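To keep things clear, I will list the structure first and then write my remarks on it.
Coordinate-derived values only; no laboratory data. Quantities reported herein were computed from a predicted structural model and do not represent experimental measurements. As a convention, Cβ positions derive from the backbone with ideal geometry for all residues, glycine included, and neighbour counts pool all protein chains shown.
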Amino acid sequence: MKLMRECRPQACLELGTCLGISACYQAAGLHLNGSGRLLTLEGAPEFAAIAKKNFSQLGLSNVQVVTGPFQRTLEGALADLGPIDYAFIDGHHQEMPTLDYFGKICAQANPGAVFVFDDINWSDGMKRAWRTITQTRNVRHAMDLHALGICVYGVP
Ligand SMILES: C[S@@+](CC[C@H](N)C(=O)[O-])C[C@H]1O[C@@H](n2cnc3c(N)ncnc32)[C@H](O)[C@@H]1O
């Protein structure tokens, strides 16, 4: 939530909703900011349904869940959101999918977009993915917080 309050992103994307707990914190931050919207993607319909209920019970109308595999839903979510200011990648923790999602989101990220990756030290593949991300052109301020990695994209 603090990141949302500090960075004040408008178009926000999350990969991996699960029950919507992280989405609730992020959406609450946007709500306190007074602007911004979060689309969160989840493959399991049962989880997505619980997340929707959680958003509704908390009165969070600035977050929507899109159900289906990222491979199928990411493109539509990007088209819906437009230029991205913030992305939290917290699902499908494998090297190549992580790099693929990162590349697709970068392709329409606003300068200074903030990316957060969960579980960057969870496996050798995720360690390699994070290393590749930190060495990507125009990636700045990469921080390894052990469980989480945070970086800024699009600042030359
Ligand atoms: C670690 S959980 C997300 C936790 C959530 N961000 C939180 O902190 O409250 C990862 C979620 O990603 C979903 N997931 C994993 N791979 C996926 C894929 N390829 N497409 C869609 N959903 C996927 C899983 O079903 C799971 O609910």
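Which ones in the range 1-18 are away from the ligand (no atom under 13 Å from the Cβ) and touching a residue at least 60 places away in the same chain (Cβ under 8 Å)? If the condition is that a residue be away from the ligand (no atom under 13 Å from the Cβ) and touching a residue at least 60 places away in the same chain (Cβ under 8 Å), then LEU3, MET4, CYS7, PRO9, GLN10, ALA11 are the ones that fit.
Can you tell me which residue is surrounded by the most Cβ atoms within 10 Å (Cβ to Cβ) among those in the range 1-10 that are aliphatic (A, V, I, L, M) and touching a Gly at 6+ places or on another chain (Cβ under 6 Å)?
Looking only at the range 1-10, we keep the residues that are aliphatic (A, V, I, L, M), and these are 1, 3-4.
Now restrict to residues that are touching a Gly at 6+ places or on another chain (Cβ under 6 Å): 1, 4.
On the way: MET1: 15, MET4: 23.
Per the stated criteria, the residue is MET4.
Pairs are defined by a Cβ separation below 9 Å, a sequence spacing of at least 6 or placement on different chains, a first member in the range 57-68 that is farther than 15 Å from SER22 by Cβ, and a second member that is of a type in the set (Gly, Ala, Ser) and in a loop (DSSP other than H, G, I, E, B); the pairs so defined are THR67/GLY43; THR67/ALA44; GLY68/GLY43.
A Cβ distance below 9 Å, combined with a sequence gap of six or more or placement on separate chains, defines the contacts here; from the range 71-94, residues that are over 17 Å from CYS18 (Cα atoms) and without any contact (Cβ under 8 Å) to a residue 24 or more places away in the chain reach residues that are of a type in the set (A, V, I, L, M) and part of a strand (DSSP E or B) in the pairs GLY76/VAL66.
Taken over the range 137-149, the criterion of being in contact with a strand residue (DSSP E or B) (Cβ under 9 Å, 6 or more places away or on another chain), exposed (fewer than 15 other Cβ atoms within 10 Å of the Cβ) and over 17 Å from GLY16 (Cβ atoms) is satisfied by ASN138, ARG140, HIS141, MET143.
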